[in-house]
Amino acid sequence: MNKVIIIGATSGIGKQLAQLYATNNWLVGVTGRRRALLDSLQKGFPDNILTECFDVTGKENVECMKNLIQQLGGLDLLIYNSGYGESSTSLNWEIDKNTTQINVNGFAEIVNFAFNYFVVEGKGHIAATSSIAAIRGNSFAPAYSASKAYMSNYLEGLYIKAYKLNLPVYITDIRPGFIKTKMAKGDGQFWVALVEKAAAQIYTGISRKKRKLYITKRWQLVAWLLNVIPIGFYKKIG
């Protein structure tokens, strides 16, 4: 039985992915801060889901990962889906600090551990949810777009590292646009996807070992436009 750990699975995309993998007969380790939600998820799939309750901003990330891997009896796939994002138009330090602790520090520690684990095992797959926001800076949420850019660049570095090591350690950068979850805030949202559709596309893309996933697929066009828009014009909209 294949084994996956999903970091941040108490709601939204993470929860939907956990249910998809469990339905497809994977052994699934789920994490999150809210024990009651983890227990509720496990009750739906008692034979396929195991839980580990912890906060990625804490000091026990690696120990909790080791414990969950031991419970699963190994690991084939890690999905880092924990994330935080709030508008910080007034450059609120508490918002920016929380964003960095979750999207940068927590992400890097757990993904670093997973990559080294897979190097020892000789194979594996890491997927992480960054964002379409990773492509350019944003005045509405500077730390959020910067943290997502960090994630994307870190993942690219691991992809290159795996290539140099000549190891089948696959890396998938998941870049959603607007998804109908609590994370989707503010006016002007468009192409908003339902969680079920987003999770289904992510599941399929990961199974195909895609390097980058734009969710939904049409956001690849936006990614291209953001890369070519001159900074002078972008300053008016970003």
- Task: State which entries of Lys59/Lys148; Lys97/Lys197; Lys15/Lys161; Lys164/Lys197; Lys123/Lys210; Lys161/Lys212 exceed 26 angstrom in Cα-Cα distance in the structure shown.
- Result: Lys97/Lys197; Lys15/Lys161; Lys164/Lys197
- Hey, can you grab everything whose amide H is under 5 Å from the amide H of Thr51? Only 5+ residues off in sequence or another chain; H modelled, so Pro and N-termini drop out. Val30
- Message: Which residues among region 124-150 fall inside the zone where the amide N is under 15 Å from a point 7 Å beyond the Cα of Glu156, along Cα→Cβ?
- Response: 130-137, 146-150
- Label zone at Ala200 (point 7 Å along Cα-to-Cβ), backbone N below 20 Å, region 21-41: 21-26
- Along Cα→Cβ, 7 Å out, is where each label goes; now give me the distance between the ones at Ser139 and Thr23 in nm to one decimal. 4.3
- accessible surface per residue for region 58-108, probe 1.4 Å, DNA/RNA/ligands not counted, whole Å² -> 47
- Message: Explain nothing, just the number: relative contact order of the chain, from Cα pairs under 8 Å at least 6 residues apart, as a whole percent.
- Response: 17
- Using the Karplus curve 6.51 cos²θ - 1.76 cosθ + 1.60 with θ = phi - 60°, work out ³J(HN,Hα) for each residue of region 47-53 in order, rounded to whole Hz, and write x for Gly and Pro. 8, 10, 10, 10, 10, 8, 8
- Once both label points are put 7 Å beyond Cα along the C-beta direction, the Lys123-Met1 separation in nm becomes 1.9
- Item | Euclidean distance between Cα centres, region 13-47 to region 76-108, Å | 22
- Relative to the chain, whose Cα atoms define the longest principal axis, helix 195-207 and its Cα axis are tilted in degrees, nearest 10, by 70
- Virtual paramagnetic centre 7 Å along Cα→Cβ of Gln70, amide N under 19 Å, in region 24-41: 28-32
- So who's got an amide H within less than 5 Å of the one on Ile215, skipping anything under 5 residues away but keeping other chains? H placed 1.01 Å off N, in plane. Arg175, Gly177
- Excluding ligands, DNA and RNA, the carbon-plus-sulfur percentage of the accessible area of the chain with a 1.4 Å probe reads 53
- trypsin sites (Lys or Arg not before Pro) within region 1-38: DSSP coil, no more than 12 neighbouring Cβ in 10 Å: Arg34
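The values are calculated or read from the model by the stated rules, or taken from the named source; none is laboratory data. Computed from a prediction, not measured in an experiment: that's the story for all the values here. Positions of Cβ are generated from backbone atoms using ideal geometry, with glycine treated the same way; all protein chains shown enter the neighbour counts. With ligands, DNA and RNA removed, areas are computed over all heavy atoms of the protein, side chains included. Shrake-Rupley method; radii C 1.70, N 1.55, O 1.52, S 1.80 Å.
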